[in-house]
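First the structure, in the form of C-alpha cells, and then the observations on it.
The values are calculated or read from the model by the stated rules, or taken from the named source; none is laboratory data. All values derive from a computational prediction rather than experimental measurement. In this analysis, Cβ positions are derived from the backbone assuming ideal geometry, glycine residues included, and neighbour counts consider all displayed protein chains.
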Amino acid sequence: MIESHLSLLIVVLPLLTAPIVAILPNGRAPWLISTLVSWSVFTLACMQLANVSTGNIISYELGGWAPPWGIEYRIDAANALVALIVSGIAAVIFPYALKSVEKEIPEQQHSLFYAAFMLCLTGLLGITQTGDIFNLFVFLEISSLSSYALISLGQQRQALTASYQYLIMGSIGATFFLIGVGLLYAMTGTLNMMDLAQRLPELYEHRTIHTAFAFIMVGFALKLALFPLHLWLPNAYTYAPSVVTAFLSATATKVAVYVMLRVIFSVFGFSFIENTPTDELFLILCVVGILMMSFYAVYQQDSKRLLSYSSVAQVGYMMLGIGFGSVLGLTATLVHLFNHALMKGALFMAIGALVYRVGSSRLEHLSGLGKHMPWTFAAIVIGGLSLIGVPGTAGFISKWYLVLAAIEKQYWLIVVVILLGSLLAVIYVWKLIETLYFKSENDSIQPETIKEAPLMLLIPTWVLVFANVYFGFNTELTVGTAEQAIKLLLPGVN
Amino acid sequence: MKHNLILRVVSKFLIPLIFLFALYVQFHGDFGPGGGFQAGIIFSTGIILYALVFGVASAKKVIPPYILRALASLGVLIYAATGVASLLLGGNYLEYGVLASTQVAGQHLGILVIELGVGITVMAVMLIIFFAFAERGRSEEECE
Amino acid sequence: MKYIVEHYNYWLVIIIMMAGFYTVISRGNLIKKIAGLNIFQVSVFLLYISIGNVKDGATPIIEEGITLYSNPLPHVLILTAIVVGVATTALGLALVVRIKETYGTIEEDDIHNQDQSL
C-alpha cells in the first residue's frame, strides 16, 4: 500500500504531524515525534527516487479525480532529487535541533516551534511533489508563512525586522506568481502543468503569455533571492535561530530554483525562452550577482552574514546553468542545487554549534575558538573547501560541470567569472578560518570555559560533512539522476 | 462596554442567532452557498461580539486559549484523517467515494466531514488571532 | 475608447494593484506597508474573480433549464488565496506589534537609526 501512495505520504506525513505536535506539551515529545517523522519521510523519498531514477514517472491523483481536472502529483527524476535533498536535510537537522533549540528558544514555545518547522517541511515537500501550478502556490505560502514565523523567533531583536522584511518581499513575490498563474489560467483554462505545456505552444506569440511569464519569473526570483532581489536574505539568515538558518539555507532557495526549472522547461518549454531575452538576462544578473555578493561576503563581520552573502552568490551559479539552457548547464544547476544544500547545511550547522557555546556568531567573538572546538572547526574547514570547489569535495563536481557548460557555449567571460567567484570564496572562507584558528581569543567571552560542542550537534554536522566528501567522489546519484531528469526537461536535445 | 444595557440585551439576543446561522451555513454547504470557511468566521464573530461587550477576560472563560489551540489542531487533523481514512478504505487520498456504500453518499459524507474540520480550524484560528491582538499591551483590569 | 470600456475590470485591477504596490514601496510606516500589501493582494483577487464571469452565465448551481454557468473555479482558488492573505496579514501585524514593543516605534527610519546593521 505504501508503494502506491508513496508520493502522497511524503507530503501528508509532516502535514499530519504538525497539528499533533502543536497540542503536545512542551518538552522532548514534540522533538522526538518530529525527528521520527522526518526520518520516515526521508526513507519514503529514497524509495521514490529509486522508483523514478530509471526514467519512470509517478502520477498520483488526489481525491481520485483524473488530471487535468483534479490535482495531480507528478514525480520524475527532478522532483525526486529535490524531495530527497529537502527530506534528507530535514532528517539531519531534526536530531541537531534538540540541543540548539533548547538553548536558543524559550521553553514555552517548543511545541509550536516544531509544529511550524513541520509545516515548513510540508510546504517545501509539497512544492516538489505537486504537478498543479495553483497547488504549488498554496504549498509555497505554507512554507513561506511558517518560515517567517520561525525566523522571527531569533534571539536578537533584529530577527523581528528581518522577518518583517522577508514577509513583505516574500508576499510580493508570491502575489506576482499568483498574477502570472491567473493570466495563464485565463488564457488556457487549465492549471495542470502537463496540460499547460500542451496548450501553451499555440499561444506563444500572445502578449498575455509573455506577461504571465514575466510575473512568474520575477515572483520566483524574489523567493530564491536572485541578485538584485536578494535584500531580504542576509538579514533573515543572520538573525534566525541557528537551526532555522541551517534548514532554510539548505532547502528554501533550492526548492525555488527547482520551481524555476520546472516552470521554464516543463511548463513553458525551452522553445518559448529562446525567443525572449530571459536567458541573457539571467546570465547578466548571475554574473553581476556572483561577483558582487562574493565581494560583499569578504567584508562581513558576522559569520552567519558572511555565509548568507555567499548563498546569494551560489544562487547565481545555479541560475547560470538555467541561463545556458544546455544539457550540461542544467546538469550543473541540479547538481549544484544538491551539493550546495549539503555544504551550506554543514557550514551553518557548524556555525550553530559555535553559537551554542559562545552565544554569538560575530567574528570578533569567535576569534581563536578553533583550538577549543577542533571538531567543529574541522567541519567548517571541509565545508569551506567544498564551498570553494576544491577537488575531492562535492563543490568541485558542480563547479566542474558549470565550467564545462560555459566552455561548451564558448562564454569565456563566464568561465573567468566562475573562477573569480571561486577565488573570492577562497578569501572569505580563509577569513573565517583565520579568525577561528589564527587570531587570539577574545577575553570578553572567557575562552577557557569554551568546550567542544556536544555530540548531538557534532554528529549531524559531520554526517553532512561526510556527504560533502562522498558526493565529491561518487557522482552516480547526483549527476546520474540529474542527467535522467534533464532528458525529460529538455526533450528535444537528446 | 458591559455597563451599557441596550448593548448587553441586544447582543445576548443576537449571539445565539449568529451561532445558529453559522451552523446553517456549515451544514448546508453542500447544497447551497456556504461551507466551513464562512461558517467558521461567522461562528467566531459571535464570540468576538461577546468579548467586545462583556470583555476579553469573560470571553476567555467561555472558551479558554488552550482549548482554542487544541481545536485549531483538531480541525486540521479531521481534514487530514479523512484523507487517510479514504486511503485505508482503498481509495486515493481524499477520495470521498469510498467512504460510504455508494459513490454519491460517500461524496456527501466526505465533504461534510472535511468542511467540519475546516470550520473548526477557521473558528479557532480567528479567535486566537483576535485574542492575541485584543489583550496585547493592556493591563488585566482593562481587559475586564 | 471602446477598448478601454470593454476591459474595465482589468483597468480597475491595474489601478488598485499599483495603488497597493506603491504604498508598500513608498511608506515607511510598517502598518501602512501591510495595508498596501493587502490592497495589492485584493487586486489579484478581483482579477481572478472577474475572469470567472461568463457572459450571460448563471450562478453555478445546477438547476433545470439553465445550460450556461459562470466558472466557479476562480472563486474557489481565490478563497484559498484570501485565506493565505489573512494569514499573511495576521502574521505581519503580529510582527509589527512585537517590533513596537521592542523598538518603541513602527517607523522604518527610526528602526534603522536604532539598528545600524539592518
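For region A:459-482, the set of residues classified as under 21 Å from residue A:371 (Cα atoms) and surrounded by fewer than 22 Cβ atoms within 10 Å (Cβ to Cβ) consists of A:459, A:462, listed by residue number.
Which residues, taken from region A:456-481, are modelled with pLDDT of 85 or more and aliphatic (A, V, I, L, M)? Hits for region A:456-481 are A:456, A:457, A:458, A:459, A:463, A:464, A:465, A:467, A:469, A:479. Residue A:265 - would you say it is crowded, with 23+ Cβ neighbours inside 10 Å and touching a residue at least 12 places away in the same chain (Cβ under 8 Å)? Judged against the criteria, residue A:265 is a match. Residues in region A:452-464 include at least one that is hydroxyl-bearing (Ser, Thr, Tyr) and touching a Phe, Trp or Tyr at 6+ places or on another chain (Cβ under 9 Å). Checking each residue in region A:402-436 for being of a type in the set (Ser, Thr, Tyr) and at pLDDT 90 or above picks out A:422, A:428.
The number of residues in region C:97-118 being touching a residue at least 60 places away in the same chain (Cβ under 8 Å) and within 7 Å of chain A (Cβ to nearest Cβ) comes to 1. Can you confirm whether residue A:175 is at negative phi, in a helix (DSSP H, G or I), within 18 Å of the chain's Cα centre (by Cα) and not small (Gly, Ala, Ser)? For residue A:175, the condition - at negative phi, in a helix (DSSP H, G or I), within 18 Å of the chain's Cα centre (by Cα) and not small (Gly, Ala, Ser) - is not met. Between a first residue in region A:1-24 that is under 20 Å from residue A:72 (Cβ atoms) and at the interface with chain B (Cβ under 10 Å from one of its Cβ atoms) and a second residue that is crowded, with 20+ Cβ neighbours inside 10 Å and small (Gly, Ala, Ser), which pairs have beta carbons less than 8 Å apart while being 6 or more apart in sequence or on different chains? Close Cβ pairs satisfying both conditions: A:11/A:126; A:12/B:80; A:12/B:83; A:15/B:80. For first residues located in region A:58-83 and within 14 Å of chain B (Cβ to nearest Cβ) and at negative phi, partners that are among the hydroxyl-bearing types (Ser, Thr, Tyr) and part of a helix (DSSP H, G or I) and lie 6+ apart or on another chain with Cβ distances below 6 Å form the pairs A:58/A:7; A:60/A:7; A:73/A:7. The lone criterion from (1) touching a helix residue (DSSP H, G or I) at 6+ places or on another chain (Cβ under 7 Å); (2) among the acidic types (Asp, Glu); (3) more than 21 Å from residue A:73 (Cα to Cα) left unmet by residue A:107 is number (1). Scoring residue A:177 on the criteria (1) crowded, with 24+ Cβ neighbours inside 10 Å; (2) out of contact with any Gly (no Cβ under 7 Å at 6 or more places or on another chain); (3) not β-branched (Val, Ile, Thr) leaves a single failure, condition (2). Just a yes or no: is a residue in region A:35-51 surrounded by fewer than 23 Cβ atoms within 10 Å (Cβ to Cβ), over 14 Å from residue A:11 (Cα atoms) and in contact with a Phe, Trp or Tyr (Cβ under 6 Å, 6 or more places away or on another chain)? The answer is yes, given that some residue of region A:35-51 is surrounded by fewer than 23 Cβ atoms within 10 Å (Cβ to Cβ), over 14 Å from residue A:11 (Cα atoms) and in contact with a Phe, Trp or Tyr (Cβ under 6 Å, 6 or more places away or on another chain).
Determine, yes or no, whether residue B:127 is in contact with a helix residue (DSSP H, G or I) (Cβ under 8 Å, 6 or more places away or on another chain) and under 27 Å from residue A:73 (Cα atoms). So residue B:127 does not fit the description; no.
May I ask you to list the residues in region A:35-59 that are modelled with pLDDT of 85 or more and among the hydroxyl-bearing types (Ser, Thr, Tyr)? If the condition is that a residue be modelled with pLDDT of 85 or more and among the hydroxyl-bearing types (Ser, Thr, Tyr), then A:35, A:38, A:40, A:43, A:59 are the ones that fit. Filter region C:74-91 down to residues that are more than 8 Å from chain A (Cβ to nearest Cβ) and either in contact with a Gly (Cβ under 8 Å, 6 or more places away or on another chain) or closer than 30 Å to residue C:58 by Cβ (or both), then give me how many there are. Result for region C:74-91: 8.
So that you can scan it fast, the table gives a plain yes or no per residue for (1) without any contact (Cβ under 8 Å) to a residue 24 or more places away in the chain; (2) touching a helix residue (DSSP H, G or I) at 6+ places or on another chain (Cβ under 6 Å):
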| position | (1), (2) |
| --- | --- |
| B:14 | no, no |
| B:19 | no, yes |
| B:29 | no, yes |
| B:38 | yes, yes |
| B:62 | yes, no |
| B:65 | no, no |
| B:69 | no, no |
| B:76 | no, yes |
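Every listed requirement among (1) in a helix (DSSP H, G or I); (2) free of Cβ contacts under 8 Å to residues at least 40 places away in the same chain; (3) among the polar types (S, T, N, Q) is met by residue B:121 save one, (2). Look at residue A:398 and say whether it is on the phi < 0 side of the Ramachandran plot, touching a residue at least 24 places away in the same chain (Cβ under 8 Å) and touching a strand residue (DSSP E or B) at 6+ places or on another chain (Cβ under 6 Å). Spelling it out, it is not the case that residue A:398 is on the phi < 0 side of the Ramachandran plot, touching a residue at least 24 places away in the same chain (Cβ under 8 Å) and touching a strand residue (DSSP E or B) at 6+ places or on another chain (Cβ under 6 Å).
Once region A:4-53 is narrowed to residues that are touching a helix residue (DSSP H, G or I) at 6+ places or on another chain (Cβ under 8 Å) and part of a loop (DSSP other than H, G, I, E, B), the residue that is nearest to residue B:117 (Cα to Cα) is A:24. Check region A:103-113 and report whether any residue there is closer than 24 Å to residue A:465 by Cα and surrounded by fewer than 24 Cβ atoms within 10 Å (Cβ to Cβ). Taking every residue of region A:103-113 in turn, at least one turns out to be closer than 24 Å to residue A:465 by Cα and surrounded by fewer than 24 Cβ atoms within 10 Å (Cβ to Cβ).
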